[in-house]
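Below is one structure; the comments refer to it alone.
The values are calculated or read from the model by the stated rules, or taken from the named source; none is laboratory data. Because the structure is predicted, anything quoted here is derived from the model rather than measured. Every residue, glycine among them, receives a Cβ derived from its backbone with ideal geometry; neighbour counts consider all protein chains shown.
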Amino acid sequence: MTVKTNPQQNIKFGQIALSHNMVDSKTLTYCMQLLKTSTGKNLSDIMLEHGFLNHQQVSHIKSKVAQSALPSQIGRYKILNEIGRGGMGIIYKVQDTLGGRIVAMKVLIRSSQENNMRFLREAKATARLRHPNIVTLYDIGQDQDKYFFTMDFIEGVPLDEFIKSDATISVRKIAVLMTKICAAIHFAHQHGIIHRDIKPANIMMDANENPKVMDFGLAKLQDASQKLSVSGTMIGTIYYMPPEQVEGRIASIDERSDVYSLGALLYTLLTNRPPFSGHTITQVSKQILEKDPVPPSNIKQIVPKSLDAICLKALAKKQDMRYQSTEDMCNDLEKFLRGEKISKDKGQQQRKIKKWLAKNLILLGIFAITLAVVVTLFSSSYNNLYKQYQKLSSQRLSTPDALFIKAFHYFLDTQREHGQALIDSICTPDAPPRYHLLKVLYDREHQAQDPLKKQVNKYFSLTDDNNKYVCYIKGRLYSYKLISHENRVAQALAWYKKGAEQNFAPCIESMGTIYFYEPSFKDDKRAFALFQKASPEYHWATYFLANMYLQGIAVKKDPQKALQLHRNAAQRGNLSSMCLMGDHHVQAGNIKQAIEWYQKAIEHNDHTLAYFNLGKIYLEREDYHDTVQGTFLILRACTGNIPGARLYLAKWYMSKKSYHLSRKLLYRSQQAEAFYLLGEIFRNGWGIKSDKKKARQLYRKAAKLNFAKAQQRLDKIKD
């Protein structure tokens, strides 16, 4: 007997599987392709046969499909058909039974206090706006447990589909479209509303090719309802998101954030691709935060330089460097349409000059010295000039270089990315030996030790200017085992002592860490005294001092004093103390304060442990956007190899029955519990065909790493 298939139900089945993270988009696309050539089969059959879903998951999704069956009526509105659905709601084409008008209805499908408030906020935001290029809201209502509102039904397509359907669209037509969109967003800003999710899919093109801005679900109202914004939540679409939104700095979001998104939208329309792209959210985010976009004219030569200028100004990393309002951006677009000259962005020119200066610093220095020599030749004798030059050279060699010191302090403050970039730029082959030794300290985090040891051997003895910075660097080289010596720790201590004699706090603190951690030098009282001495000038000493008070080592245990010291260290830039302050507030139930401390650590130095801790907070919430943000943050932590990050996220995916994603993370984790959980997945056939042999292999791996549950499982399963 041939089974009758239902295309609409297959689509809904796939949508629900995807929205519940049971499959990814690639898997769904693959199965939909198989479905086309599989007579008499439904999508559920395909996914079950190929091991992408198990029977329990299929039953769960089918029940959801049944629940999502098209209702006949909501309130006084007759349901005609479903238009689309997103993370929070379904949009229907409906008919008002009172007047017969055809409208669009958005119905909330994920009901919770947070989602209800956000849904009503969207309705409130849209209701405040009456503009020819913004969808009009007609009615807000509730039918039993369903919240809904009705708005314009637009006979048309989203902007991204409209552009694809017109491959020959002119840049002039794009500029005209953008002026209308900018005017609509400016109108929203005038009414205290920031959109926060401007993208092609949220702009409909009607039958007359007029754009209509819609979906104010993420809008931020600049009044009392602003409290509804969750602090630090990354909501929106990554390709069009401004840097401040990517970093979760919600308090920084203003009209200029929408300006950035409009710039990204213009860029996409001109080039058929977003300003930044990548295979993962992490890759795209990193580019948004760190890279400058390629000018659109470099991708499509037909794009005029004037539109390049408008695009790049809107896409500036810093808000102060962008257009200060969408009206300003609209004015420049109108100037372009009138054929008027667009004034160049002075900030952009300054940034280019600064970059050029940074790259050519040595060349400029040589030029300056040469110029000075030429001028002096005209005013004094050759011998006089030579003496002055010798004197100048000796002064230059004896004076610590400002950029070297800056790179050194970046290292102390664990701002390694900034420091690495700086030391790489100034450490030329003929730079002083101390530059090369500092570079070794940076390079050890991502290079093998053997070639670095060769660098140390080459430059160590050449560095005879043993000032406080060099003493610290040499001590650290011994501490990091980059110099082979039978009394390595004693050698490190000797160099730190030389720096301490110059009252250099980092060297004093480093002596303290040796007396605190090294068994052969263990002296807690001396360590405590050294940390106390260095604490006023160096936050890491304050951090260690706080830990001694917390544990009651060499001093009476005092958790309150420890907390005060950690707060002090955190306020002075100590990343570990920032995270500990966040942990303290989590334990105390002060989640808002915890989020603030973790965000400070991220903003200070992209701190991966803070990403992990902040991500855990968001994953514990039920809100859809919070879980998206939580997974994004923990994936960032995974790139920094934070212990337990992959395992934590894998277990969360398992709790959501997203076993295919969980497997990938568990394999990369390589921890004992990870092998055990993989064994459970293969034994039970969760999201994959059951394989007892594979399960036993994985249990054995976990047992070898002393994971007790794995051995218990092996005892129960016989070969």
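If you go through region 475-499 and keep only what is of a type in the set (A, V, I, L, M, F, W, C) and in contact with a Phe, Trp or Tyr (Cβ under 6 Å, 6 or more places away or on another chain), you end up with just 492.
Inspect all residues belonging to region 612-626 and state whether any of them is without any contact (Cβ under 8 Å) to a residue 40 or more places away in the chain, within 18 Å of residue 281 (Cβ to Cβ) and not hydrophobic (A, V, I, L, M, F, W, C). Within region 612-626, one or more residues are without any contact (Cβ under 8 Å) to a residue 40 or more places away in the chain, within 18 Å of residue 281 (Cβ to Cβ) and not hydrophobic (A, V, I, L, M, F, W, C).
To keep it simple, each residue is scored yes or no on (1) surrounded by 17 or more Cβ atoms within 10 Å (Cβ to Cβ); (2) under 22 Å from residue 251 (Cβ atoms); (3) over 30 Å from the mean Cα position of the chain (by Cα); (4) not charged (D, E, K, R).
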{"position": "550", "(1), (2), (3), (4)": "yes, no, yes, yes"}
{"position": "565", "(1), (2), (3), (4)": "yes, no, no, yes"}
{"position": "579", "(1), (2), (3), (4)": "yes, yes, no, yes"}
{"position": "592", "(1), (2), (3), (4)": "no, yes, no, no"}
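Can you tell me which residues in region 174-219 are charged (D, E, K, R) and at pLDDT 90 or above? Across region 174-219, the qualifying residues are 180, 199, 212.
Listed here are the residues, each with its yes/no results for (1) aliphatic (A, V, I, L, M); (2) out of contact with any Gly (no Cβ under 6 Å at 6 or more places or on another chain); (3) over 30 Å from residue 58 (Cα atoms); (4) surrounded by fewer than 20 Cβ atoms within 10 Å (Cβ to Cβ).
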position: 654; (1), (2), (3), (4): yes, yes, no, no
position: 665; (1), (2), (3), (4): yes, yes, no, no
position: 672; (1), (2), (3), (4): yes, yes, yes, yes
position: 687; (1), (2), (3), (4): no, yes, no, no
position: 704; (1), (2), (3), (4): no, yes, yes, yes
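Residues in region 675-694 that are closer than 10 Å to residue 662 by Cβ and touching a His at 6+ places or on another chain (Cβ under 9 Å): 687 only. Scanning region 466-492 for residues that are basic (Lys, Arg) and under 11 Å from residue 507 (Cβ atoms) gives 468, 474, 476. Scanning region 11-40 for residues that are hydroxyl-bearing (Ser, Thr, Tyr), at pLDDT below 80 and either assigned by TED's automatic domain parsing to the domain that holds residue 82 or within 26 Å of the chain's Cα centre (by Cα) (or both) gives 19, 25. Checking the structure you have, find out if any residue of region 193-209 is assigned to a helix (DSSP H, G or I), under 17 Å from residue 239 (Cα atoms) and free of Cβ contacts under 8 Å to residues at least 60 places away in the same chain. Checking region 193-209: at least one residue is assigned to a helix (DSSP H, G or I), under 17 Å from residue 239 (Cα atoms) and free of Cβ contacts under 8 Å to residues at least 60 places away in the same chain. I'd like the full set of residues that are over 15 Å from residue 493 (Cα atoms) and more than 38 Å from the chain's Cα centre (by Cα), limited to region 455-475. Those that are over 15 Å from residue 493 (Cα atoms) and more than 38 Å from the chain's Cα centre (by Cα): 457, 458, 459, 460, 461, 462, 463, 464, 465, 467. Restricted to region 271-297, and to residues there that are more than 16 Å from the chain's Cα centre (by Cα) and surrounded by 24 or more Cβ atoms within 10 Å (Cβ to Cβ), the residue that is farthest from residue 317 (Cα to Cα) is 296. Within region 272-294, residues that are within 12 Å of residue 632 (Cβ to Cβ) sit with their Cβ atoms under 9 Å from residues that are in a loop (DSSP other than H, G, I, E, B) and among the acidic types (Asp, Glu), at 6+ positions apart or across chains, in these pairs: 285/247.
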